[in-house]
Amino acid sequence: MTSTLHLTGRVALVTGGSRGIGRAVALALAEAGADIAVNYHSRESEAKQVSSQVENCNRRCMMVHADVSVAGDVSRMVKSIEGELGAVTILVNNAGTAHPQPLEEITEEAWDKIMDVNLKSVFLVTQAVLPGMRAVGWGRIINMSSAAAQLGGIIGPHYTASKAGILGLTHSYASLLAREGITVNAIAPALIATEMIADNPQARPERIPVGRFGTTGEVAEVAVMLAHNGYITGQTINVNGGLYMS
């Protein structure tokens, strides 16, 4: 890195950016120089806090309310960002949901909901921002998967399948876009100290070889590295304290 502001002039969209990992990634990208679009679905007050913090970094920021599992919302969101900030050249597909359920209680409705939010959204938002990236010949797409995709996890097969699907999308987009200056990578965290694991009794630090939960900042550091690096593509970066070793 030649500068602490090596992403100056770039516009980053972080889906689910109002809290947890998304919030940390949005702030880290702002500190690296990027202007930020914070997508949120229901946490407006928290999105406002993130926006204020981004602006304290002397970066432009906008909040965008959208359900990223709905094509019409995604189209409106991206057009709004392009009109106010410019073309999105860094996309962090972070929005997701997790509902731990016993195997026998997972319904078709539960399956469809988690697939829509966790997996279909990655496809919809990626498709929407690609024209802008292709127009400038530069882009970074970072998809938030999970160690559950590799190990099965502690939430359920619906969640695991959605996160494994993200790895497949990552590989496909990376191979198709490699010669266009657009990299596509995934991050697979495990047991990061967020709201998502707070109410899950199976989420215990002793499950992790390093003996503790990860921090959102540790995930955000990897996202910034991937946003900067133009030679890493099609990869899954494991941020899991040694839970899964590739």
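The values are calculated or read from the model by the stated rules, or taken from the named source; none is laboratory data. Given the structure is predicted, the values throughout are model-derived calculations rather than measurements. Note that each Cβ is placed from the backbone with ideal geometry, even for glycine, and that neighbours are counted across all protein chains shown.
Of the conditions (1) without any contact (Cβ under 8 Å) to a residue 60 or more places away in the chain; (2) over 22 Å from Leu13 (Cβ atoms), Tyr173 clears all except one; give me its number.
(2)
Checking the structure you have, find out if any residue of region 152-164 is in contact with a strand residue (DSSP E or B) (Cβ under 7 Å, 6 or more places away or on another chain) and touching a residue at least 24 places away in the same chain (Cβ under 8 Å).
Of the residues in region 152-164, the ones in contact with a strand residue (DSSP E or B) (Cβ under 7 Å, 6 or more places away or on another chain) are none.
Checking region 152-164: not a single residue is in contact with a strand residue (DSSP E or B) (Cβ under 7 Å, 6 or more places away or on another chain) and touching a residue at least 24 places away in the same chain (Cβ under 8 Å).
Using the structure shown, decide if Val122 is buried (at least 24 other Cβ atoms within 10 Å of the Cβ), touching a residue at least 60 places away in the same chain (Cβ under 8 Å), at negative phi and not in a strand (DSSP E or B). I'd like the intermediate steps shown before the answer.
On the way: buried (at least 24 other Cβ atoms within 10 Å of the Cβ): yes; touching a residue at least 60 places away in the same chain (Cβ under 8 Å): no; at negative phi: yes; not in a strand (DSSP E or B): yes.
No, not satisfied.
Residues to consider are Leu130, Leu85, Leu103, Leu124; find the one that is in contact with a helix residue (DSSP H, G or I) (Cβ under 9 Å, 6 or more places away or on another chain) and farther than 21 Å from Ala174 by Cβ. Before the answer, list the steps.
On the way: Leu130 fails: farther than 21 Å from Ala174 by Cβ; Leu85 fails: in contact with a helix residue (DSSP H, G or I) (Cβ under 9 Å, 6 or more places away or on another chain); Leu124 fails: farther than 21 Å from Ala174 by Cβ.
Answer to the check: Leu103.
With respect to Ile114, is the statement that it is in a helix (DSSP H, G or I), more than 28 Å from Gly9 (Cα to Cα) and within 20 Å of the chain's Cα centre (by Cα) true? Lay out the reasoning, then the answer.
On the way: in a helix (DSSP H, G or I): yes; more than 28 Å from Gly9 (Cα to Cα): yes; within 20 Å of the chain's Cα centre (by Cα): yes.
Yes, satisfied.
Hey, could you check region 125-153 for residues that are within 19 Å of Met196 (Cα to Cα) and among the hydrophobic types (A, V, I, L, M, F, W, C) and say which is farthest from the chain's Cα centre (by Cα)? Reasoning before the result, please.
First, the residues of region 125-153 that are within 19 Å of Met196 (Cα to Cα): 143-153.
Among the residues that remain, those that are also among the hydrophobic types (A, V, I, L, M, F, W, C) are: 144, 147-149, 151.
On the way: Met144: 4, Ala147: 14, Ala148: 15, Ala149: 15, Leu151: 20 Å.
If we take residues in region 125-153 being within 19 Å of Met196 (Cα to Cα) and among the hydrophobic types (A, V, I, L, M, F, W, C), then Leu151 is farthest from the chain's Cα centre (by Cα).
Kindly provide the set of residues from region 217-239 that are farther than 15 Å from Ala28 by Cβ and either of a type in the set (Phe, Trp, Tyr) or out of contact with any helix residue (DSSP H, G or I) (no Cβ under 9 Å at 6 or more places or on another chain) (or both), ordered by number. Spell out the reasoning first.
Start the filter on region 217-239 by keeping residues that are farther than 15 Å from Ala28 by Cβ, which leaves 230-236, 238.
Residues satisfying the conditions are Gly230, Tyr231.
Within region 97-110, how many residues turn out to be surrounded by fewer than 16 Cβ atoms within 10 Å (Cβ to Cβ), of a type in the set (A, V, I, L, M, F, W, C) and within 24 Å of the chain's Cα centre (by Cα)?
Result for region 97-110: 1.
Can you find a residue that is β-branched (Val, Ile, Thr) and over 16 Å from the mean Cα position of the chain (by Cα) anywhere in region 170-187? Before the answer, list the steps.
So the first thing to find is which residues in region 170-187 are β-branched (Val, Ile, Thr), and the list is 170, 182-184, 187.
Subsequent filtering for residues that are over 16 Å from the mean Cα position of the chain (by Cα) retains 182.
Yes, there is a match, as at least one residue in region 170-187 is β-branched (Val, Ile, Thr) and over 16 Å from the mean Cα position of the chain (by Cα).
Is it the case that Ala47 is in contact with a His (Cβ under 9 Å, 6 or more places away or on another chain), hydrophobic (A, V, I, L, M, F, W, C) and at pLDDT 95 or above? Give the derivation first.
Working: in contact with a His (Cβ under 9 Å, 6 or more places away or on another chain): yes; hydrophobic (A, V, I, L, M, F, W, C): yes; at pLDDT 95 or above: yes.
Yes; evaluated as a whole, the condition is true for this residue.
Limited to region 198-216, what total is found for residues that are closer than 24 Å to Ala28 by Cβ and of a type in the set (S, T, N, Q)?
Restricting attention to region 198-216, the residues satisfying the condition of being closer than 24 Å to Ala28 by Cβ are 198, 203, 205, 208, 210, 212-216.
Within this subset, residues satisfying the condition of being of a type in the set (S, T, N, Q) are 215-216.
Number satisfying all stated conditions: 2.
Could you list all residues from region 94-124 that are under 22 Å from Glu195 (Cβ atoms) and among the β-branched types (Val, Ile, Thr)?
Matches in region 94-124: Thr97, Ile106, Ile114, Val117, Val122.
Listed here are the residues, each with its yes/no results for (1) among the hydrophobic types (A, V, I, L, M, F, W, C); (2) out of contact with any strand residue (DSSP E or B) (no Cβ under 7 Å at 6 or more places or on another chain); (3) within 17 Å of Asn143 (Cβ to Cβ).
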| site | (1), (2), (3) |
| --- | --- |
| Arg204 | no, yes, no |
| Pro209 | no, yes, no |
| Arg212 | no, yes, no |
| Ala220 | yes, yes, yes |
| Leu226 | yes, no, yes |
| Asn240 | no, no, yes |
